[in-house]
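Below you'll find the structure, written out as structure tokens, and then a few comments.
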Amino acid sequence: MATKGRTASPAPREASAPVVEAKKATLDSKKNVDSLRKQTRPQGEFYGNIGTCFWTFFIPVAIYYFYGIMVMHQGRLVVPDGSFWHDLIYSLPDGLSIQPCWGPTTVSLTWVFLQALGEIILPGKLKEGVALKGGRRLMYPMNGLLCFALSNVAVVLLSYFGYIKPYYVFLNMGALLTESVITSYVMALWLYIDYGLFWRRHVGDEEFEEDHGVFNAGDFWNDTFMGVVRNPRLFAGILKTPFDLKRFWNARPGLTGWVILNMSYLSAMYYNCSLPSAYGIGESRFFAEHAAKSATIEKLFAGADPSTFCASEGSFSNIGLAGAFITFAHWYYILDYNVVEPAYLTTTDIRHDLFGFMLTYGDWGFLSRFYPISFMGFLAQQGSSSSGFITSNYLYACIGVALYVNGMMLFRITNLEKHLFRDHMNNGGSGDKYRSPWSTRIFFGDKKPEYIKTSEGSLLLTSGFWGLARHFNYVGDLSMCIGWAVACYSPDHPFPFMPIGYCIYFWLMDCHRCWRDEVRCSKKYGADWERYRQAVPYAIVPGIW
Ligand code: NDP
């Protein structure tokens with residue numbers, strides 16, 4: 001059985017090969033299989049079975065709530081009483097209602113299938129991931145940029161030639177939400193059964209690690225939520241490079257889907273789409289009088305024809321700076337991700353998180369649905385409000401752009417700094433010969449990198465931005481989302497609770513992520529992490545926290 005120190009070290013490829021071969025031989029013999037396993041997965045990060053069971057149901061319901069206030073109240077907060085849910089399920093037409101619907105489900109799953117096909121057949125360099133616990137390093141195709149470009153072109157052409165309405169999402173988001181919830185539950189359950197209960201089937205898989213599979217059936221909720229397998233790979237005997245399901249799910253259908261859905265909402269603004277609305281002039285108070293409105297919503301939508309909700313001719317005058325900016329900013333974020341695709345291989349998502357409901361839903365039901373509705377969905381619904389679309393909030397939109405530019409710059413520079421350093425050193429480079437990227441040199445000068453060499457083998461950077469705070473790379477994201485939310489503010493429109501809701505979620509998520517990472521690293525690096533904490537005392541914000 002491999003020792004912890006040896007298994008987790010990011011050894012160069014050549015050095016890890018004998019370990020891999022030795023382990024494979026042991027696994028292939030299928031003897032002593034049980035002794036190869038060790039419960040080294042993080043436990044209780046989301047408060048065990050009770051916490052994960054709660055989040056499994058609460059988060060989808062919370063997203064339905066946000067969708068409901070968007071589609072029925074232009075983003076105003078309402079009390080979600082029985083009639084709210086009744087309206088959301090029964091009063092809205094197919095597609096807008098959250099009842100499952102074959103059309104949007106087919107569109108959505110076709111999208112997933114085509115994205116998978118893209119990952120499999122499109123050309124791209126192969127890149128080695130970081131070492132698994134057994135020393136092995138998996139290969140990943142780097143064809144994301146091509147896949148992203150083709151996806152964008154395909155969607156534009158399909159709508160240009162009339163195969164799909166450009167504002168399709170505006171009329172079908174309810175059913176798309178429900179499809180994503182069902183798909184995520186089914187996937188999580190399948191992963192739990194196949195890779196969890198039947199983990200022995202996967203002992204010979206190249207990605208098998210000591211902590212895969214179910215250790216205790218009583219941890220059902222925890223295990224379906226947190227996952228029981230880290231890098232499940234499909235079609236191993238068929239494809240030269242097996243299909244890495246977690247990387248695919250994290251990176252392709254959801255991320256690209258998010259920005260395509262945004263574009264569809266932008267088109268809805270262009271085509272002046274608006275839903276029947278019960279709100280009159282000046283009604284933008286925080287808590288709408290829901291009970292009174294509810295009866296109206298049922299009547300408003302009774303017999304309504306969704307094909308009349310959008311105009312046949314479009315106008316750019318409906319698209320304000322906020323809508324254009326947010327569509328571009330999100331699109332650029334994903335473009336950027338694809339341009340520096342290898343950097344993703346060293347992040348928490350790939351390195352540490354297992355693949356369970358947190359990611360099956362997080363990447364699909366949450367990211368590809370909640371992210372678009374929070375900003376672009378909110379803006380697109382303003383066509384139904386008495387003041388029309390948000391087109392003249394220039395001051396707020398400009399503040400938003402400034403916060404975004406600053407955040408995006410920090411995000412990119414900091415994450416790249418760590419990735420390039422680790423990549424250089426992992427591939428046999430030396431600290432003396434390493435030159436920081438120009439973006440870091442601008443701020444910190446052309447200095448040699450400083451780092452802590454841990455006894456576990458990994459290197460922890462302590463210079464440049466990584467010397468300011470241990471998770472300074474989170475500051476960019478935290479600032480960016482505030483910029484997007486500010487850009488959605490307009491004094492003449494409902495207060496942007498939905499964009500702010502996204503910011504609250506994101507801040508909580510990143511802080512919790514920071515805490516999880518600290519706990520994990522402290523366990524992994526022990527005294528070396530303490531040394532690192534002394535060298536870099538702040539967690540996220542230098543001088544404060
Ligand atoms: P990181 O990319 O910071 O990865 C954390 C890991 O990096 C640690 O577990 C550790 O892994 C290694 N590490 C920690 N400190 C150092 C150091 N000083 N030098 C070298 N390696 C170190 O974390 P995330 O994946 O959480 O975040 C990446 C980016 O993605 C952030 O900017 C974040 O804000 C963003 N993000 C965006 C989301 C969105 O929805 N838009 C969602 C989540 C994140 P090891 O075991 O290898 O040492």
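The values are calculated or read from the model by the stated rules, or taken from the named source; none is laboratory data. Computed from a prediction, not measured in an experiment: that's the story for all the values here. All Cβ positions, even for glycine, are placed from backbone atoms using ideal geometry, and neighbour counts span all protein chains on display.
Remarks
- All of Pro232, Pro242 fail the test of being closer than 29 Å to Val155 by Cβ and surrounded by fewer than 22 Cβ atoms within 10 Å (Cβ to Cβ), apart from Pro242.
- Failed item, numbered, when Glu128 is tested on (1) among the charged types (D, E, K, R); (2) touching a His at 6+ places or on another chain (Cβ under 8 Å); (3) within 30 Å of Glu207 (Cβ to Cβ): (2)
- Of the set (1) more than 30 Å from Tyr525 (Cα to Cα); (2) at pLDDT below 90, all apply to Gly75 but (2).
- Exclusive hit being at pLDDT below 95, assigned to a loop (DSSP other than H, G, I, E, B) and over 19 Å from Thr183 (Cα atoms), set Pro80, Pro123: Pro80
- Checked against (1) more than 10 Å from the ligand (Cβ to nearest atom); (2) out of contact with any strand residue (DSSP E or B) (no Cβ under 9 Å at 6 or more places or on another chain), Asp517 meets all criteria but (1).
- Some residue of the range 478-497 being surrounded by 19 or more Cβ atoms within 10 Å (Cβ to Cβ) and closer than 16 Å to Phe421 by Cβ: no
- From the list Arg252, Arg200, Arg247, Arg230, the one residue that fits, being modelled with pLDDT under 95 and of a type in the set (Lys, Arg), is Arg200.
- Boolean, Val475 is of a type in the set (A, V, I, L, M, F, W, C) and within 13 Å of the ligand (Cβ to nearest atom): yes
- Conditions (1) near the ligand (Cβ under 10 Å from one of its atoms); (2) in contact with a Ser or Thr (Cβ under 6 Å, 6 or more places away or on another chain); (3) of a type outside the set (Phe, Trp, Tyr); (4) under 28 Å from Ile326 (Cα atoms); number of the one not met by Lys418: (2)
- Qualifying residue in the range 90-101 (condition: closer than 23 Å to Leu266 by Cα, outside any loop (DSSP other than H, G, I, E, B), polar (S, T, N, Q) and touching a residue at least 24 places away in the same chain (Cβ under 8 Å)): no
- When Phe411 is tested against (1) in contact with an Asp or Glu (Cβ under 7 Å, 6 or more places away or on another chain); (2) away from the ligand (no atom under 11 Å from the Cβ); (3) within 30 Å of Cys398 (Cα to Cα), just one condition goes unmet, and that condition is (2).
- Look at (1) more than 10 Å from the ligand (Cβ to nearest atom); (2) under 21 Å from Met408 (Cα atoms); (3) under 26 Å from the mean Cα position of the chain (by Cα) and you find that Cys481 fails only one, number (1).
- Test: residue in the range 362-374 that is within 12 Å of the chain's Cα centre (by Cα), of a type in the set (Asp, Glu) and within 13 Å of the ligand (Cβ to nearest atom): yes
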